[in-house]
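Enquirer: Can you read through this structure? Questions will come right after.
The values are calculated or read from the model by the stated rules, or taken from the named source; none is laboratory data. Predicted, not measured: the structure shown is a model, and the values here were computed from it. Backbone-built Cβ (ideal geometry, glycine too); neighbour counts: all protein chains shown. Each accessible area value is taken on the protein alone, full model and side chains, heavy atoms only, with ligands, DNA and RNA left out. Shrake-Rupley method; radii C 1.70, N 1.55, O 1.52, S 1.80 Å.
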Amino acid sequence: CEYDALPDIGHACGHNLIAEAGCAAGIGIKAALEASEILLGRLTILGTPAEEGGGGKIEMIKNGCFDDVDIAMMVHPGPLDMVHAFFIAIELLTVTYSGKASHAAAFPWEGINALDAAVAAYNGMSMLRQQMKPSWRVHGIITNGGAKPNIIPEKSEMQYYLRAPTEAELKVLMQKAGEVFHAAGQATGCTVEVKSTGHYSNVVSNPNLLELYVKNSLDLGVKFTPDYVPGLGRVHDIPAGSTDMGDVSHVIPSIHPLYSIGTTAVIHTRAFTDATNTD
């Protein structure tokens, strides 16, 4: 059960509902287990912190939290009911450029502008999108652009997320992005440090668990989203984002479907935050 929120916009990813769904399912399964005359299995509800960049489940894997677990199931709220959500692999990067400070008006030629390097890298990544596969994703922000306008910035910093459907494709994308970052440093005379701050694997859904999920959901009246939706295209080909549940799925059989909460708002928006707080 996830439960962490996003900075500034709250539960725009619906982790409050993930926790609610997990606990509710656990209560129902517990009742079914207790009503059985034979031992059907053991149920564990795990609280999993820091999915939004912290990799909480990865730390839990390292610390043996899943060692005695045979299968893992989690659902994620959204605008659609999807059996096989397309959660892809991600690499989190911090890119730091170092230049030389100087007075921006009196002696600009004495400086080496680290902000220029960050801007060049940002534009370079934008141009790289022309040669990216449709299922690849890159997005970033400049988190440090200098101290004052009259000081040539000696330091700049960026955070970038690189995503691809598989680990192999992500390696290719990382190589291309690395060349862009280093080229920006060379063009401006800055040194560059590219540091990985996190990594999530793609979700591998277990087909047998998915079949059981679909059967029981249909019995409850769930109507799954068609494969093709006008205006969206083939929804099962649209990356749904990334999650450390992917790392769990590489360790034990897992599923991570999406379920609709009756809103057209998409995740990571204030409108979705509002939707998660309604009945």
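Enquirer: Can you tell me how many residues in the stretch 55-76 are open to solvent by 40 Å² or more (accessible area, probe 1.4 Å), of a type outside the set (Asp, Glu) and in contact (Cβ under 8 Å) with a residue 60 or more places away in the chain? First the steps, then the outcome.
Expert: First, pick out the residues of the stretch 55-76 that are open to solvent by 40 Å² or more (accessible area, probe 1.4 Å): 59, 61-63, 65, 67-68, 70-71, 73.
Subsequent filtering for residues that are of a type outside the set (Asp, Glu) retains 61-63, 65, 71, 73.
Keeping just the survivors that are in contact (Cβ under 8 Å) with a residue 60 or more places away in the chain gives 61, 71, 73.
The number of residues fulfilling the criteria is 3.
Enquirer: Return yes or no: is residue 193 closer than 22 Å to residue 126 by Cβ and not small (Gly, Ala, Ser)? Steps first, answer last, please.
Expert: Numbers: closer than 22 Å to residue 126 by Cβ: yes; not small (Gly, Ala, Ser): yes.
So residue 193 passes the test.
Enquirer: Which numbered condition in (1) at pLDDT 95 or above; (2) of a type outside the set (A, V, I, L, M); (3) under 25 Å from the mean Cα position of the chain (by Cα); (4) open to solvent by less than 40 Å² (accessible area, probe 1.4 Å) is the only one that residue 135 fails?
Expert: (1) is the only condition that residue 135 fails.
Enquirer: For residue 179, which of the numbered conditions (1) in contact with a strand residue (DSSP E or B) (Cβ under 8 Å, 6 or more places away or on another chain); (2) closer than 29 Å to residue 116 by Cβ fails to hold?
Expert: Unmet condition: (1).
Enquirer: In addition: Can you go through 196, 201, 205, 260 and tell me which one is touching a helix residue (DSSP H, G or I) at 6+ places or on another chain (Cβ under 8 Å), within 28 Å of residue 7 (Cα to Cα) and of a type in the set (Ser, Thr, Tyr)? Quick ask: steps written out before the conclusion?
Expert: Numbers: 196 fails: touching a helix residue (DSSP H, G or I) at 6+ places or on another chain (Cβ under 8 Å); 205 fails: within 28 Å of residue 7 (Cα to Cα); 260 fails: touching a helix residue (DSSP H, G or I) at 6+ places or on another chain (Cβ under 8 Å).
That would be 201, the only listed residue that is touching a helix residue (DSSP H, G or I) at 6+ places or on another chain (Cβ under 8 Å), within 28 Å of residue 7 (Cα to Cα) and of a type in the set (Ser, Thr, Tyr).
Enquirer: Can you find even one residue in the stretch 101-115 that is among the acidic types (Asp, Glu), open to solvent by 40 Å² or more (accessible area, probe 1.4 Å) and modelled with pLDDT of 95 or more? Can you show your working first?
Expert: Residues of the stretch 101-115 among the acidic types (Asp, Glu): 110.
With the extra rule that they be open to solvent by 40 Å² or more (accessible area, probe 1.4 Å), the set shrinks to 110.
Subsequent filtering for residues that are modelled with pLDDT of 95 or more retains 110.
Within the stretch 101-115, one or more residues are among the acidic types (Asp, Glu), open to solvent by 40 Å² or more (accessible area, probe 1.4 Å) and modelled with pLDDT of 95 or more.
Enquirer: Something else: Just one of the numbered conditions (1) part of a loop (DSSP other than H, G, I, E, B); (2) open to solvent by 40 Å² or more (accessible area, probe 1.4 Å) is not true of residue 51; which one?
Expert: (2)
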